[in-house]
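Quick notes on the structure that follows.
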Amino acid sequence: MNSTLISNYNGQNEGNLNTIATLGVNGKTTNPDYKFLLQGNAFPVAQLNEVAVVENFKVEFSNEAGAMVLKVKNPGYANHGTDFAFWKTELGPAPANIKDWFHIHTNGHTTTIYGLKPGVVYPFAAAYRGLDSKVPMWSDVISKSVGE
């Protein structure tokens, strides 16, 4: 079977999508919450309400005291930048939900956080940004001491 991409499904042409889904492809039904990539026998590969998982998240020391540089790999396709999160541990334990941390949104894939205390360990995380309706897929948390 030739590769066929059906994206941005919004309920239109539901009959056509059902037909494609039953052409011997391993799938049971159509679902408007999914983007379908039909390639051989592959079926739903990405949910529309999610964005890609961050790759190669790094937290590096800056040349400036009290600053850390956060970087992620450019995903190689159109995106809406990166959301970097951190928690000031002097305020107490970090909330379990990263959405409650301090956030810096960039249109790129790197940022520098200033005003951190040398010798203090801070947790950092990153997520590629999608549209506001998209659920961010946060990286693993990296905890690092400033000036370490």
Item to check | Cβ pairs under 9 Å, 6+ apart, first in the stretch 89-108 and surrounded by 11 or more Cβ atoms within 10 Å (Cβ to Cβ), second assigned to a helix (DSSP H, G or I) | outcome: ALA94/ASP100
Item to check | Selection within the stretch 49-100 - under 12 Å from ALA126 (Cβ atoms) and not aliphatic (A, V, I, L, M) | outcome: GLU55, ASN56, PHE57, LYS58, LYS71, LYS73, PRO75, GLY81, THR82, ASP83, PHE84, PHE86
Checklist entry - Among ASN79, ASN41, which is the only one that is modelled with pLDDT under 90 and surrounded by 14 or more Cβ atoms within 10 Å (Cβ to Cβ)? => result ASN79
Next on the checklist: Filter the stretch 72-88 down to the residues that are closer than 24 Å to LYS117 by Cα and without any contact (Cβ under 8 Å) to a residue 40 or more places away in the chain and list them by number.
Outcome noted: PHE86, TRP87, LYS88
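Within the bounds of the stretch 73-82, is there any residue that is outside any loop (DSSP other than H, G, I, E, B) and among the hydrophobic types (A, V, I, L, M, F, W, C)?
Just the residues of the stretch 73-82 that are outside any loop (DSSP other than H, G, I, E, B), to begin with: 82.
Okay, now just the ones that are also among the hydrophobic types (A, V, I, L, M, F, W, C), so none.
No, the stretch 73-82 contains no residue that is outside any loop (DSSP other than H, G, I, E, B) and among the hydrophobic types (A, V, I, L, M, F, W, C).
The values are calculated or read from the model by the stated rules, or taken from the named source; none is laboratory data. Computed from a prediction, not measured in an experiment: that's the story for all the values here. Here Cβ is always computed from backbone atoms with ideal geometry, including for glycine, and neighbour counts include all displayed protein chains.
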